[in-house]
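Presented below is the structure to which this report refers.
The values are calculated or read from the model by the stated rules, or taken from the named source; none is laboratory data. These numbers were taken from a predicted model, which means no experiment stands behind them. Cβ placement follows ideal geometry from the backbone for every residue including glycine, while neighbour counts extend to all protein chains displayed.
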Amino acid sequence: MPLKRILYILLALAITAPLRWPRALADGPEDLAFPSAAQLAAENTANAEAFREQWSKAGMDSPLPPTVEDFVGLYALPDEDKEALKTALADAGANWPQLASALQFLRFKAQPEKPGSMYDSCRWLILTAPHLDRLELTRDLLVQTCLGAHSYAEEKGYDTGSELFRRNLLNYRFDDEPVTHWTYDLLDAGMPVPGDAHPDAYDLEQLSVAVEDFTVVERGYFGNMASPGAVAMARAGTEREITVVLAAILRANGYPCRFASDNRSGKSWIEVYTGPAQPYDSQMWEPLYPLTPEWNGDFSYARGLCGGNCSVVTAGDAFGREQVTGRYGPVGFVMPRFMRGGTEVSDFNNWAITAWFEGRFVALDDLEYPLSDMDYPLSEGGAVGEDGKTKYYTLGTWAMEAESAPPLYRFECGVRYPGGYVDVRQQEFTLNPGDMQEISIDLDPPAELPREALVDRQVSLPEAGHPWLPPQGRFLFVVHDNQEPSVRTLAAFERFASMSSVLYQTMNIAVEDNADSGKFTSAFIKDVLQVKDDDPKPVVILVVDGQTRLYQRGYNLNLYDWVMRELQDAD
């Protein structure tokens, strides 16, 4: 056996020994007293430095503290956000020791306080991971992921504190596949990843054809994707699953890559970064098509793959994605405006844009820049119009008239009324390259809106009436809990307090009053107004001459307008 290979195997065994025997490492030395956070913080005591040096030598092998708070107090770096770390570890429930032991191990690697250290990378993974991932992540996966990614980053010169490194080389998950340590699984499946038989990374040309002979199968069940290791072992999976396998192979070889997909068709492929390690160049992403590698690098091929047009293309991972539609063809823009009573409404969210595909309209989910609070727009994208308020959204258009027809889109929005009635507005449109299309939607209630649409429940008024609710008169009640969104409703309804045409009453159910008047109020709310303890708040009730004209549970932007409409109709 060549000497170089023997040395490589010995080095690998030495590095991974504590990870292959995690129980032995977790038990730690029996003769080392576990220090408290107070002991470690005692910088001014005579033996603090000596104690700290003695303990740090075996600190990574020490048993974990009994609670998240104790662990963070002991191991967190002086300048890091300890509350964020506590929250993330606590979110892992009973699995928090797996996450904590990974941090503990990497805490004693070189310069843990340095931005982009392995400890910093592990902490970023834990803080950024979705809740369900935190319940499944293991110490072995986290530590080995950080060790492998940092090894390639050091070799190729990537900044380990950058978003490019974290999102596209360090990250352990691409889409909706399970949380697994796919590097081991891919190696067992005979995929081209570094291992004992091949210690060095493969080149990109070798990797680009790694899954071209996989068999595409239809998913025969409803649920998450199969793991990359399982798909690689079977040499078969859905197109999406096979795409994830190639992405995992690329990252296992040290190539930053991300999962790309088109909303309208559901087709997916890979983008691999081919630019300089530093500085990051947002234009140096190359598409790879796992099942048709002969088209690799051709952006226009994606349009044909997606049925002639790309509508909304996103690239990223399971943590977040960015919109990159403009990389795959010309785009146009849609600016929706929502009007009520002649005034623009800026916070209306019950709308969607769909695209026609294979006989049906498909919802386009990824219109925003970015798509969620955790997303990372690595490239710039327009989001706000010239007025600084109205957002516009990017959609793909046709590339050439001879190639395909403009994609058909449909704008949809709706208002759900208290009684369950839904008023839906739809408007179909097409876009040409560079178009900025404004779509104005009137949210005023339709003239034919039935009154029962506003009544979710009837009040229970005794035949003889009630001292607080006589058979005659106009009464408006707001039952609230003094919290949001009740506070917003109360602020919007303030003007009713000065109206002589209606008796306006607010009732705070959060205030417990043992006096007779408090008990009387509670009975009135439950027995007459029929408000239940578990009803969403606020509850807005309008009674005109003994008839329930509006009964709304929970917050709705249209409440004030509906009350005014009913009062005007009663005149």
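Filter the range 304-316 down to the residues that are in contact (Cβ under 8 Å) with a residue 60 or more places away in the chain, surrounded by 20 or more Cβ atoms within 10 Å (Cβ to Cβ) and not hydrophobic (A, V, I, L, M, F, W, C) and list them by number.
ASN309, SER311, GLY316, listed by residue number.
VAL211 is checked against (1) more than 16 Å from PHE259 (Cβ to Cβ); (2) in contact with a Leu (Cβ under 6 Å, 6 or more places away or on another chain) and fails just one. What number does that condition carry?
Condition (1) is where VAL211 drops out.
Would the range 260-273 turn up any residue that is small (Gly, Ala, Ser) and farther than 22 Å from LEU364 by Cα?
Among the residues of the range 260-273, not one is small (Gly, Ala, Ser) and farther than 22 Å from LEU364 by Cα, which makes the answer no.
Restricting attention to the range 113-144, and to residues there that are within 16 Å of ARG167 (Cβ to Cβ) and among the small types (Gly, Ala, Ser), which single residue is surrounded by the fewest Cβ atoms within 10 Å (Cβ to Cβ)?
Filtering first and then ranking leaves GLY116.
Which numbered condition trips up VAL478, out of (1) part of a loop (DSSP other than H, G, I, E, B); (2) under 27 Å from ASP423 (Cβ atoms); (3) of a type in the set (A, V, I, L, M, F, W, C)?
Against the list (1) part of a loop (DSSP other than H, G, I, E, B); (2) under 27 Å from ASP423 (Cβ atoms); (3) of a type in the set (A, V, I, L, M, F, W, C), VAL478 comes up short only on (1).
List pairs: first in the range 99-124 and under 15 Å from PRO78 (Cα atoms), second crowded, with 21+ Cβ neighbours inside 10 Å and of a type in the set (Lys, Arg), Cβ under 6 Å, 6+ apart or cross-chain?
Listed by first residue and then by second, the contacts come to TYR119/ARG107.
So, GLY223, is that one on the phi > 0 side of the Ramachandran plot and touching a residue at least 60 places away in the same chain (Cβ under 8 Å) or not?
No: the conditions fail for GLY223.
Kindly indicate whether any position in the range 99-112 is out of contact with any helix residue (DSSP H, G or I) (no Cβ under 8 Å at 6 or more places or on another chain), under 23 Å from ALA277 (Cα atoms) and surrounded by fewer than 16 Cβ atoms within 10 Å (Cβ to Cβ).
Among the residues of the range 99-112, at least one is out of contact with any helix residue (DSSP H, G or I) (no Cβ under 8 Å at 6 or more places or on another chain), under 23 Å from ALA277 (Cα atoms) and surrounded by fewer than 16 Cβ atoms within 10 Å (Cβ to Cβ), which makes the answer yes.
Which one of these is closer than 18 Å to ASP545 by Cα, touching a residue at least 12 places away in the same chain (Cβ under 8 Å) and touching a helix residue (DSSP H, G or I) at 6+ places or on another chain (Cβ under 9 Å): HIS466, HIS480?
Just one listed residue meets the conditions, HIS466.
Among the residues that make up the range 67-83, is at least one of them at positive phi, out of contact with any strand residue (DSSP E or B) (no Cβ under 7 Å at 6 or more places or on another chain) and either surrounded by 16 or more Cβ atoms within 10 Å (Cβ to Cβ) or part of a helix (DSSP H, G or I) (or both)?
no
Can you pull out the residues in the range 494-508 that are part of a loop (DSSP other than H, G, I, E, B) and out of contact with any strand residue (DSSP E or B) (no Cβ under 6 Å at 6 or more places or on another chain)?
Those that are part of a loop (DSSP other than H, G, I, E, B) and out of contact with any strand residue (DSSP E or B) (no Cβ under 6 Å at 6 or more places or on another chain): MET499, SER500, SER501.
If you take the residues of the range 522-552 that are part of a helix (DSSP H, G or I) and either at pLDDT 95 or above or of a type in the set (A, V, I, L, M) (or both), which of them is nearest to PRO485 (Cα to Cα)?
It comes out as ILE525.
So, in the range 73-102, exactly how many residues are modelled with pLDDT under 95, of a type outside the set (Ser, Thr, Tyr) and touching a Pro at 6+ places or on another chain (Cβ under 9 Å)?
The number of residues fulfilling the criteria is 3.
For the condition more than 17 Å from LYS526 (Cα to Cα), under 45 Å from the mean Cα position of the chain (by Cα), at pLDDT 90 or above and outside the structural domain of TYR421 (by TED's automatic domain parsing), what is the one hit in VAL487, VAL459?
Step by step, each of VAL487, VAL459 is checked, and only VAL487 is more than 17 Å from LYS526 (Cα to Cα), under 45 Å from the mean Cα position of the chain (by Cα), at pLDDT 90 or above and outside the structural domain of TYR421 (by TED's automatic domain parsing).
Given (1) surrounded by fewer than 18 Cβ atoms within 10 Å (Cβ to Cβ); (2) at pLDDT below 90; (3) in a loop (DSSP other than H, G, I, E, B), where does LYS519 come up short, assuming only one miss?
For LYS519, the exception is condition (3).
Which one is surrounded by the fewest Cβ atoms within 10 Å (Cβ to Cβ), of the residues in the range 454-471 that are among the hydrophobic types (A, V, I, L, M, F, W, C) and part of a strand (DSSP E or B)?
LEU469
Restricting to the range 534-558, give me the number of residues that are surrounded by 18 or more Cβ atoms within 10 Å (Cβ to Cβ) and more than 37 Å from the chain's Cα centre (by Cα).
Within the range 534-558, residues that are surrounded by 18 or more Cβ atoms within 10 Å (Cβ to Cβ) and more than 37 Å from the chain's Cα centre (by Cα) number 5.
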